[in-house]
Amino acid sequence: MNTTRPEATPAAPGRIVLLTTSHRVAPGLLSWPAWQALHSADSVLCADGAHPQLPYLREAGIRVAEAAPTAEELVDTCTGGRTVVVVATGEGEPALTDGLARLAGSGRFSMPDLELLPASYDLPGARLLDLVQVMDRIRAECPWSSQQTHKGLAKYGIEEAYELVEAIEEGDRDELREELGDVLLQVVFHARIAEEDPDAPFSIDDVAGTIVAKLIHRHPHVFGDETATTPEEVKEHWLRTKAMEKRRESVTDGIPLGQPGLALAAKLASRVRTAGLEVPLPKTEGIGYDLLALAVRAEAEGVDPEAALRAAGRAYRDAVRAAEGLEG
């Protein structure tokens, strides 16, 4: 008679699913694999009782326990083949994941299967929502930012635009990314201030909506029935629709006279040339009129006179530093 006892079957270690969501996506908009995992789980846990997803999970019939177990407690909960879904907080549960990693590395535990399941993903541009939220808080709580006006910030807009141009011309990618952010900040800051106007308030959504409508209207070859196969045809569409929108009396209308002189001269020349007008340059003598003639010539040759002069200025700066015995 065989009295040997059969070996006990080790308990199945189970499964832990760490469910992550993006706060930039409306709560409840989860992926199908996420919903499947939630509905099939033996238990669903969340350490944050105010997590924005919880009302929608409960509405879908999912029981969520507010709990923050340690790594050891969670592993024990999975014993017997149980599946536990942990709805991660905004920080992503670093203490829990570090604890699980330590347990797995110790070799003393029969670890459950570990799965990271992103339940919602950021769409392109989602980080702009973070910027709007941060700007809103700064406007409300920062003593300096809360007192700023459109006029007070105007000089910073000019400075940031020039720094962006410099980053582009220098070819520094890191600097370009940073300066684009600084210019974007000016847009969001002004839009936040505009919300407080008592007579004609508007928000960043109104700003975005306006430019979206303008881009669609001025690109009928993309969003409409028109066709354009060359950059010249695109420019023609743009100018035609812009003229219909603005209904300007003169080709010079809308040109900011406060811009740098060479840029102003080139812009005037561009408008004159595009309109097919024959306008002779003033015959008056002087350096200003000589510069005007050079700017008109540069524009006709497809050269940005401001950029050309800046390049020459940088070369001159390097020559000065070389004469001083300094590096360029």
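The values are calculated or read from the model by the stated rules, or taken from the named source; none is laboratory data. These numbers were taken from a predicted model, which means no experiment stands behind them. Glycine also receives a Cβ, built like all others from the backbone with ideal geometry; neighbour counts cover every protein chain displayed. Each accessible area value is taken on the protein alone, full model and side chains, heavy atoms only, with ligands, DNA and RNA left out. Shrake-Rupley method; radii C 1.70, N 1.55, O 1.52, S 1.80 Å.
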*For the stretch 54-78, how many residues are open to solvent by less than 70 Å² (accessible area, probe 1.4 Å), farther than 25 Å from A101 by Cβ and in a loop (DSSP other than H, G, I, E, B)?*
3
*asked:* Can you list the helices (runs of 4 or more DSSP H) lying wholly within the stretch 229-328 that have 3 or more residues being among the small types (G, A, S)?
replied: 261-275, 287-300, 305-323
*Given (1) under 24 Å from A50 (Cα atoms); (2) in contact (Cβ under 8 Å) with a residue 24 or more places away in the chain; (3) open to solvent by less than 50 Å² (accessible area, probe 1.4 Å), where does P112 come up short, assuming only one miss?*
(1)
*Tell me, which residue of the stretch 230-257 that is within 31 Å of the chain's Cα centre (by Cα) and at pLDDT 85 or above is surrounded by the most Cβ atoms within 10 Å (Cβ to Cβ)?*
I255
_Residue identified as hydrophobic (A, V, I, L, M, F, W, C), loosely packed, with under 15 Cβ neighbours inside 10 Å and either free of Cβ contacts under 8 Å to residues at least 40 places away in the same chain or closer than 30 Å to L19 by Cβ (or both) among A119, A154_ = A154
*From the options G325, G313, G286, G276, residue that is open to solvent by less than 50 Å² (accessible area, probe 1.4 Å) and over 39 Å from the mean Cα position of the chain (by Cα)*: G286
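Hey, among the residues in the stretch 181-191 that are under 19 Å from S146 (Cβ atoms) and open to solvent by 60 Å² or more (accessible area, probe 1.4 Å), which one's farthest from the chain's Cα centre (by Cα)?
V187
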_Filter the stretch 192-216 down to the residues that are surrounded by fewer than 12 Cβ atoms within 10 Å (Cβ to Cβ), of a type in the set (D, E, K, R) and part of a loop (DSSP other than H, G, I, E, B) and list them by number._
E196, D197, D199
*For the stretch 173-191, indicate whether the set of residues that are more than 26 Å from G125 (Cβ to Cβ), out of contact with any strand residue (DSSP E or B) (no Cβ under 6 Å at 6 or more places or on another chain) and not in a loop (DSSP other than H, G, I, E, B) is non-empty.*
no
